[in-house]
Amino acid sequence: MIAFTLVVLFISYSHIDSQSWNTSDGILPWESYIKLIDIQQPLGLTLNRSSLAHHHFAIGYLCLHTFMYDEAQDAFNLALNVTPTFIEPYIGKILACKHVIWSETDFNCGLAAYNSAQSMLNTSNITLSPLQSSLLSTAYLWYSNVSSVAAGELAFSSSIGNLSQAYPNVTDITVLWGLSLLNVAYQDQFDGVMEPAPMLQSRDVLATALKNEPNHPGALLYMILAYDVAESSIASKAVDYVSSYQNLSSTLSYAIFIPAHIWMRIGSYASAKSSDFSSLQASLSLCLIKIMGRNMTIASSELNSVLAQLNTTDQVQAFLQCDTRNRGTATEWLASSFLQTGDWNDTISSITDLYLAYNESLPISSLYLSYAYRTRARAVINIFYWLPYDIQFIDMANEVQQLHDTLDSFTSNTNMTDEDLAWSEAGYRLSSCFRILTNINATYSDPTIQPTIDEHLARFAVLSNETAPLNPYISVSISLMINQVYGIIYYQNNSFRDCLSILDAATQREFSLVIDNNSPILIYARSSELLAMHLLLIQRVAYGNLSATAIANLPTFTLNGTQVSVSQFSQYALNLYQIANLSSPNRAINILGAARANSQLLLNNVAAGYYQMLLDQISSQNASDPVFFQEAINFIAQNQVLQSSANNNHLNFFINLISFCIFIFLLNNQ
């Protein structure tokens, strides 16, 4: 992966409100690495900057508001080690057992933290204020109904909303209310709704909080997430909040990563890549300092290089378990950004790092397995769009496949109770189908191929059924993979009508889906994009060396209930690419598809514009393989030659016309 040099210096960071702490001697190295962004009255507490316990708590509470839950728990424990009767860290520990937005509720953790707080209160002379007592009982509500997570979330949201009304001057309580509403918006009851009512309400609540405290890190983060939807016109409204959030200069991995959600939604892949990469750096740095307990210098972001700085197996295992979700997510997204900007070598390096993390982890981490397979799948499938049915695709797909030799395979009898694992397995199997079916002289009827493909197809059906009650969007998307694979099979058999028919059916079903809050942001293959690509391929095959009369007599095909002639395929494909661009702007394969469609429409200048847009996005310094830029360069150069030739023809015509006019003039004046 891209190398970088990062020297971690322990300096006294200036705070947002220019106030400093007088307790730096008792702060651990990893806490010092975290740039503490002040929150006014966290949980209603007025911070004492001469208190070591308060300093630990402030660090933990910032981590809590930044989804760094392990670090939050560690810092809260440090605060309680100093002052065992300090109630706010207890409340923080209870809150940190609920991983909001991620749909993770650790009942054992939450109830243990609550019981610990009650035990402390029963054995001490501490008298809680009304606010403290209310916050403690409200935090408990998340874990009060073990049989229904949703019921606990609704009870918490209602209670914290009432507290916000009762204590309007405590901005942090309002922020927690906004977060609770946003969390409710992710409940199953809102599947299929892009902007649920609780999400809209959370925006209003958080906007109120930001008027009172513009730099509240939690409010800014949650407002970004409140606009993180699959429509660029809506997601773009978060850009100002992203800018404000980035100005806080956080050193926490998730805080640095979250802007990538918006950059990806609006198609700003260079910015997304920057956020992903910086987040990965922050995670590696924090975890290395945390494990080694001292200032460290990281010379490379490649995982192998970082692990080489650890001295024992225990240190390696502790490092791999540190910030796993955030670092894994940043690596997965970074690989996707690399694909959008034409950086194949770094895409491979990202996959290698995820494989290494999985293989070195003890016990085995299903999270790393999921990240590795999703990243691998996207790499293979994206390259297929660049090089459909091409020997170069096979070479590059096999390059990815070779990395897989040291990784466990999914087995067909695996029972999936986790939608992320199911989605990961489906991607792995889809990319395998693409690679196998497009190999040289490969056909589905080959007895060495058909059993493998049939196994994948059967497993898609199982995974779709198992995820139906967990995530309808993922369930339907997996079932559509069956159509996508059959589309490739039919194309390989020259059964073009069947190919287009099954991909069109998948596309119409796909269009009926609403990309909601629980839908994966990073996708594998859209049926509409696969249909568009095959329309262009079939049109090229059909045209061949045919005459204009023969082309006019080509049969029509039924697409979405309408008869479409082969001559209309390129325009139909262009329309599909434009629709896809509405929810995922500027994806490289969409720009490429639009360029190819315009080229086949003989709109060469428009096509050249799209090819130039593609070159601008990948840029020569990022493109590590000619696959990503050679087609664009060749087309633009050829179009310039044609333009020059056309201009010369026009010039010759005008010269001849002027000469003729002069001749006539002279002839008439003799």
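Here, each number is a calculation from the coordinates, and none is a lab measurement. In this text, all values refer to a predicted model and were calculated from it rather than measured experimentally. Every residue, glycine as well, gets a Cβ built from its backbone with ideal geometry; the counts of neighbours run over all protein chains shown.
Rounded, prolate or oblate: pick one for region 505-637, where a ≥ b ≥ c are the square roots of the eigenvalues of its C-alpha gyration tensor, a/c under 1.5 means rounded, and failing that, prolate if a/b is larger than b/c, else oblate. Mind dumping the intermediate values first?
Numbers: a/c = 2.47, a/b = 1.10, b/c = 2.25.
Since a/c reaches 1.5 but b/c is at least a/b, the shape of region 505-637 is classed as oblate.
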At 222 nm, what helix-only mean residue ellipticity would the chain give, in deg cm²/dmol to the nearest 500, using -39500 (n - 2.57) for each DSSP H run of four or more? -21500 deg cm²/dmol
Determine, for Asp204, Asp25, the number of other Cβ atoms within 10 Å of each Cβ, and report the residues in order from fewest to most. Asp25, Asp204
Simple SL model, points at 7 angstrom along Cα→Cβ for Asn345 and Gln309; separation in nm is 2.3
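Based on the alpha-carbon gyration tensor of region 449-500 and its eigenvalue square roots a ≥ b ≥ c, which shape applies: rounded if a/c is under 1.5, prolate if not and a/b is larger than b/c, or oblate?
On the way: a/c = 4.92, a/b = 1.79, b/c = 2.75.
It is oblate, given that a/c is not under 1.5 and a/b is not larger than b/c.
What does the net charge come to around Tyr577 if you take all other residues with beta carbon closer than 12 Å to its beta carbon, with K and R at +1 and D and E at -1? Each step should come with its number before you reach the end.
Working: positive: Arg526, Arg587, Arg596; negative: Glu529.
Summing Lys/Arg as +1 and Asp/Glu as -1 gives +2.
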Sort out for me the Cα centre separation of region 538-568 from region 586-618, rounded to whole Å. 22
Check which residues have an amide H placed less than 5 Å from Leu559's amide H, if you skip close sequence neighbours. Val564
Sorting Cys63, Ile173, Ala139 by the position of each Cα along the dipole of region 23-227 (Lys, Arg +1; Asp, Glu -1; all at Cβ), the one nearest the positive end of that ordering is Ile173
Part-to-part distance (alpha-carbon centres) for region 417-486 and region 138-171, which is given in Å: 41
From fewest to most C-beta neighbours within 10 Å, the residues Trp102, Trp333 line up as Trp102, Trp333
Using only the alpha carbons of the chain, what is the convex hull's orientation-averaged projected area in square nanometres? 37.8
In order through region 482-493: 3J(HN,Hα) via Karplus (6.51 cos²θ - 1.76 cosθ + 1.60), integer Hz, x for Gly, Pro: 4, 4, 4, 5, 5, x, 5, 4, 5, 5, 4, 8
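Could you tell me whether region 200-304 comes out rounded, prolate or oblate from its Cα gyration tensor? Rule is a ≥ b ≥ c as square roots of the eigenvalues, rounded for a/c under 1.5, then prolate if a/b exceeds b/c, otherwise oblate.
On the way: a/c = 3.11, a/b = 1.66, b/c = 1.87.
Oblate.
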Taking the Cα centre of the chain as origin, sum charge times position over the Cβ atoms of Lys and Arg (+1) and Asp and Glu (-1), and report the length of that vector in debye to the nearest 20. 1040
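Would you list Leu221, Leu28, Leu437 from fewest to most Cβ contacts within 10 Å? Provide the component values of the computation, followed by the final result.
Working: Leu221 25, Leu28 15, Leu437 20.
Going from sparsest to densest Cβ surroundings: Leu28, Leu437, Leu221.
Please report the net charge: other residues with Cβ closer than 15 Å to the Cβ of Gln612, K and R +1, D and E -1. If you can, show how the numbers build up before the last one.
Working: positive: Arg596; negative: Asp616, Glu631.
Around Gln612, the charge tally is -1.
Taking R0 as 25 Å, what's the FRET efficiency between Thr297 and Asn48 from their Cβ-Cβ distance, rounded to 0.05?
Numbers: r = 35 Å, r/R0 = 1.39.
According to the calculation, E is roughly 0.10.
If you stretched the chain out fully between Trp102 and Glu455, how much longer would it get, using 0.36 nm times the residue separation minus the C-alpha to C-alpha distance? Could you put the intermediate results ahead of the total?
Working: separation 353, 0.36 × 353 = 127.08 nm, distance 3.15 nm.
In short, 123.9 nm is gained.
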Given H placed 1.01 Å from N in the peptide plane, which residues other than close sequence neighbours of His65 have an amide H under 5 Å from its amide H? none
Say each of Ala550 and Asn247 gets a label point 7 Å from the Cα, pointing the same way as Cα to Cβ; how far apart are those two points in nm? 6.6
Which residue, Asn115, Ala608, Trp263, has the largest displacement toward the positive end of the dipole of the chain when charges sit on each Cβ (Lys, Arg +1; Asp, Glu -1)? Ala608
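Note down the magnitude of the dipole of region 463-527 about its Cα centre, charges +1 on Lys and Arg C-beta and -1 on Asp and Glu C-beta and zero elsewhere, to the nearest 20 debye.
120
Please get the size of the charge dipole for region 23-227, origin at its Cα centre, with Cβ charges of +1 on Lys and Arg and -1 on Asp and Glu, quoted in debye to the nearest 20. Walk me through the numbers on the way to the answer.
Values: 6 positive and 16 negative charges, 80 e Å.
My answer is approximately 380 debye.
Round to the nearest 0.05 the FRET efficiency obtained for Thr85 and Gln41 when R0 = 22 Å and r is the Cβ-Cβ distance.
E between Thr85 and Gln41, to the nearest 0.05, is 0.65.
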Inter-centroid distance (Cα atoms) of region 508-533 relative to region 52-80, Å: 39
Name the residue farthest towards the positive end of the dipole of the chain from the options Gln73, Ile436, Leu536, assuming +1 on Cβ of Lys and Arg, -1 on Cβ of Asp and Glu, about the Cα centre. Leu536
